[in-house]
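The values are calculated or read from the model by the stated rules, or taken from the named source; none is laboratory data. Just so it is clear, the model here is predicted, and its values are computed rather than measured. Ligands, DNA and RNA are stripped out before the accessible areas are found, and what is left, the full protein with its side chains, is counted by its heavy atoms. Shrake-Rupley method; radii C 1.70, N 1.55, O 1.52, S 1.80 Å.
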Amino acid sequence: MIPVAAPNDVEKAHHYLWRFWIRMPKAGHFAIFDRSWYERVMVERVEGFCSEVEWRRAYNEINEMEKQLVNFGALLIKFWLQIDPEEQLRRFKERESLPYKSWKITAEDWRNRKKWDLYRAAVDEMLYRTSTNYAPWTIVESNCKLYARIKTLSTVVKSIERRL
């Protein structure tokens, strides 16, 4: 699992994709990115951390990078886990009310929730512009965690079986 946080000073001194390229697994290995290069067209877009020219250019840059990975032999499986606003609110309230989960919810989560429509527009455009025949998105309906986990695992297994 490769967690992806906000870029540090060294990462900011490079092209935004650099920090992902250096974490790509070698041939025969795998990696799971928890968040990814898509932050450029999501968070950075919505929060204004990059210009419109930069996030619009990123769609092509991302598609080209993924094409290079697939041409190298990588099996690239992309998931978008989608919940509706009501389910997100229910989960937020549950986290706040349970001491052992309260660390999972922050003021930033509530702030970002207020930007639901902006994030939704960014997600829709991201899915449209970056789902390719070599690296398609799998949208995982995630209001039900059990269903989401089963669909995700089934997709991974089927993708590996097709490749083998």
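Some notes on this structure:
- Note on the range 91-164: percent of Cα-Cα distances in each 5 Å bin, starting at 0 and stopping at the bin with the largest distance, equals 3, 12, 13, 16, 20, 16, 10, 7, 3, 0.
- The GNM of the chain, with springs linking C-alpha atoms under 10 angstrom apart, assigns the highest mean-square fluctuation among E87, E39, E108 to E108.
- Inter-part distance where the range 1-43 and the range 122-141 are each reduced to a Cα centre, Å: 18 Å
- Per-residue [θ]222 nm for the chain (sum of -39500 (n - 2.57) over DSSP H runs n ≥ 4, rounded to 500): -16000 deg cm²/dmol
- Accessible carbon and sulfur surface of the range 18-164 relative to its total accessible area, %, 1.4 Å: 57 percent
- Probe 1.4 Å, protein heavy atoms only - accessible area per residue of the range 93-164 in square angstrom: 74 Å²
- Here the alpha carbons of the chain define both size measures, Rg and Dmax, at 16.9, 48 Å.
- In this structure, the amide hydrogen of W137, modeled 1.01 Å from its nitrogen in the peptide plane, lies closer than 5 angstrom to those of T132, counting only residues at least 5 positions away or on a different chain.
- In summary, the convex hull built on the alpha carbon positions of the range 9-83 has an orientation-averaged projected area of 5.9 nm².
- Amide H partners (placed H, <5 Å) of I2, local residues excluded: I32, F33, D34
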